[in-house]
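Since the structure comes first, as C-alpha cells, the remarks are kept for the end.
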Amino acid sequence: MTYWLMKSEPGEFSIDDLQNAPGGETFWDGVRNYQARNFMRDDMKVGDGVLYYHSNCPETGVVGIATVCREAYPDHTAFDPEDKHYDPKSDPDNPRWCMVDIRFERKFERVILLRELRQHADGPLRDMLLLRRGNRLSITPVTSEEWNFILSLE
DNA sequence: GCCAACGTTGGC
DNA sequence: GCCAACGTTGGC
C-alpha cells in the first residue's frame, strides 16, 4: 500500500464537499499534468491512503484523509467541450487523461498548516516532495514515515 | 493581486 | 533539439 498527497482548492472541491458527496466518494477529474497522471495510472491502488490538502486558500495545509476506492479510468471531462478541463487532444478511443475515485475517511480536528509542515523540513519531512521549492504537482507520493509523522501532528 | 517556478507549445 | 513565449500553479 502506498500513500499520497492530493491537492484541491477548497473553493473548487473541499474536504467537506467530499464528505457530503454521495457515499463520501468522488472522481478525481481535471488532472492535466503528465507526472500526476502517471502516478494515478501506474501506481495508485485501491486502499491507498490519501492526505487531503487544501491549496490556494487562507489556510493551506492537510485537512484530512481519504482512500483510493477505484483505480485509474478515463477522465471523461476531457471530452466535453463545455467542461473547464476540456482537452481536444484527448481522443475518446485513446484517452490521454485518467482519474481515480477516492472516498472520505476522516477530517482532522485541525488543519495541519503548510507553515507547520515546513518547520519539519530539516527533520522528518526533509524529503517530502510537497516542501520542495517551486513544487506544483497536484499529486505526490508520501512515505509511510511522512504519513505517520503528519498524522502524529494532529 | 503579485510573482516565482514550472510545464507546454511551437518556430526554427 | 533548442529555447523563447506563454499559460498555470499556488504561496503569500
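The values are calculated or read from the model by the stated rules, or taken from the named source; none is laboratory data. Note that the coordinates shown come from a computational prediction; the quantities given were computed from them, not determined experimentally. A quick note on method: Cβ atoms are made from the backbone with ideal geometry, for glycine too, and the neighbour counts reach across all protein chains shown. To get the accessible areas, we keep the full protein, side chains included, count just its heavy atoms, and leave off ligands, DNA and RNA. Shrake-Rupley method; radii C 1.70, N 1.55, O 1.52, S 1.80 Å.
Give the residues of the range A:139-154 that are touching a strand residue (DSSP E or B) at 6+ places or on another chain (Cβ under 7 Å) and either of a type in the set (Phe, Trp, Tyr) or without any contact (Cβ under 8 Å) to a residue 60 or more places away in the chain (or both), sorted by residue number. Within the range A:139-154, A:147, A:153, A:154 meet the criteria. Checking each residue of the range A:111-118 against the condition of being assigned to a loop (DSSP other than H, G, I, E, B) and either open to solvent by less than 40 Å² (accessible area, probe 1.4 Å) or over 14 Å from residue A:6 (Cβ atoms) (or both) gives no match.
Residue A:31 meets the conditions (1) surrounded by fewer than 21 Cβ atoms within 10 Å (Cβ to Cβ); (2) assigned to a loop (DSSP other than H, G, I, E, B) in every case but one. The failed one is (1). For beta carbons closer than 9 Å, sequence separation of 6+ or different chains, a first residue in the range A:1-23 that is free of Cβ contacts under 8 Å to residues at least 24 places away in the same chain and a second that is more than 10 Å from DNA strand C (Cβ to nearest atom) and assigned to a helix (DSSP H, G or I), the qualifying pairs are A:17/A:10. Please pick out the residue among A:104, A:149 that is part of a strand (DSSP E or B), surrounded by 13 or more Cβ atoms within 10 Å (Cβ to Cβ), among the aromatic types (Phe, Trp, Tyr) and more than 11 Å from DNA strand C (Cβ to nearest atom). The conditions single out A:104.
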